[in-house]
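Below is one structure, written out as structure tokens; comments come after it.
The values are calculated or read from the model by the stated rules, or taken from the named source; none is laboratory data. Computed from a prediction, not measured in an experiment: that's the story for all the values here. Cβ: placed from backbone, ideal geometry, glycine included. Neighbour counts: every protein chain shown. In case anyone asks, the SASA skips ligands and DNA or RNA and just uses the protein heavy atoms, side chains included. Shrake-Rupley method; radii C 1.70, N 1.55, O 1.52, S 1.80 Å.
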Amino acid sequence: MLKVGLTGGIGAGKSEVSRLLVACGAVLIDADRIAREVVAPGTPGLASVVEAFGEGILAADGSLDRPRLGAIVFSDAEKLSTLNSIVHPLVGARSRELEEAAAEDAVVLHDVPLLTENGLAPLYDLVIVVDAAPETQLDRLVRLRGMTEEDARARMAAQATREQRREIADIVIDNDVPLEELEQRVKDVWTELVRRSQVSRPSVAE
């Protein structure tokens with residue numbers, strides 16, 4: 001099994017790279033998706049978030065109002081840290097369960113937005129960073145996701161810098177390119193991942 005960490009700044013196009021790698025054959029473990037699952041209605045995770053931030057972060061149907069919570073935590077580092085301390089252990093436990101269920105020869109892709117910020121690079125055999133210029137990120141967030149420029153800049157500022165992400169990267173995928181070119185770059189990366197997965201590594205016992 002080859003364990004790959006995939007990360008990138010918000011709006012860099014990490015989800016598209018993830019989709020393309022899955023199409024090539026990667027087994028995806030999506031931290032964002034798991035993060036939503038562990039705070040679904042009725043879960044201990046949601047109860048802990050409500051205890052920390054109050055019932056005002058709930059929607060009318062009892063689910064988590066993610067935009068409202070995001071507006072609170074992404075402008076306050078201490079509150080963001082509180083949220084992370086609740087959600088991240090739950091996400092980590094579920095991710096391990098899914099990884100253990102994958103085939104022994106799988107390329108397991110961990111899509112982790114805050115991989116850099118949380119110092120998680122050592123958990124993986126290699127780290128892929130999807131990179132884009134801050135101007136590109138901002139444009140995508142405002143034009144494609146409908147964020148205000150203020151909200152987009154706040155989300156970007158709450159994450160690691162472009163330089164910090166690149167420092168931990170074993171492979172950097174530049175996504176300031178048209179989709180056709182990105183597809184070819186991802187195929188080239190997949191070829192490298194398969195090659196690495198087939199290289200025998202000594203066991204701990206050895």
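Miscellaneous remarks
- Qualifying residue in the range 53-63 (condition: surrounded by 14 or more Cβ atoms within 10 Å (Cβ to Cβ), closer than 28 Å to GLU97 by Cα, touching a strand residue (DSSP E or B) at 6+ places or on another chain (Cβ under 8 Å) and of a type in the set (Val, Ile, Thr)): no
- Yes/no for GLU135 being acidic (Asp, Glu), surrounded by fewer than 16 Cβ atoms within 10 Å (Cβ to Cβ) and either over 18 Å from ARG162 (Cβ atoms) or within 16 Å of the chain's Cα centre (by Cα) (or both): no
Residue-by-condition table, conditions (1) open to solvent by less than 50 Å² (accessible area, probe 1.4 Å); (2) closer than 25 Å to ALA169 by Cα; (3) within 20 Å of the chain's Cα centre (by Cα):
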residue	(1), (2), (3)
SER15	no, yes, yes
VAL27	no, yes, yes
LEU83	yes, no, yes
VAL112	yes, yes, yes
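- Checked against (1) basic (Lys, Arg); (2) without any contact (Cβ under 8 Å) to a residue 24 or more places away in the chain; (3) surrounded by 16 or more Cβ atoms within 10 Å (Cβ to Cβ), ARG19 passes all but condition (3).
- Any hit, the range 87-100, residues being open to solvent by less than 60 Å² (accessible area, probe 1.4 Å), under 22 Å from GLY8 (Cα atoms) and touching a Pro at 6+ places or on another chain (Cβ under 8 Å): no
- Matching entry among GLN159, GLN164 (being farther than 15 Å from SER18 by Cα, outside any loop (DSSP other than H, G, I, E, B) and touching a residue at least 12 places away in the same chain (Cβ under 8 Å)): GLN164
- Residue check: PRO122 meets all listed conditions (1) surrounded by 18 or more Cβ atoms within 10 Å (Cβ to Cβ); (2) part of a helix (DSSP H, G or I) but one, namely (1).
- The single condition among (1) open to solvent by 30 Å² or more (accessible area, probe 1.4 Å); (2) among the β-branched types (Val, Ile, Thr); (3) at pLDDT 95 or above that ILE72 does not meet is (3).
- Those residues of the range 64-102 which are under 18 Å from LEU115 (Cβ atoms) and touching a strand residue (DSSP E or B) at 6+ places or on another chain (Cβ under 8 Å), in sequence order: SER95, LEU98, GLU99
- Close pairs (7 angstrom Cβ cut-off, 6 or more residues apart or separate chains): more than 15 Å from GLU104 (Cα to Cα) in the range 180-198, in a helix (DSSP H, G or I) anywhere: LEU182/GLU16; GLU183/LEU20; VAL186/VAL17; VAL186/LEU20; VAL186/LEU21; LYS187/CYS24; TRP190/LEU21; TRP190/CYS24
- In the range 158-177, the qualifying residues are those that are of a type outside the set (A, V, I, L, M, F, W, C) and in contact with a Gly (Cβ under 8 Å, 6 or more places away or on another chain), and the one that is most open to solvent (accessible area, probe 1.4 Å) is ARG162.
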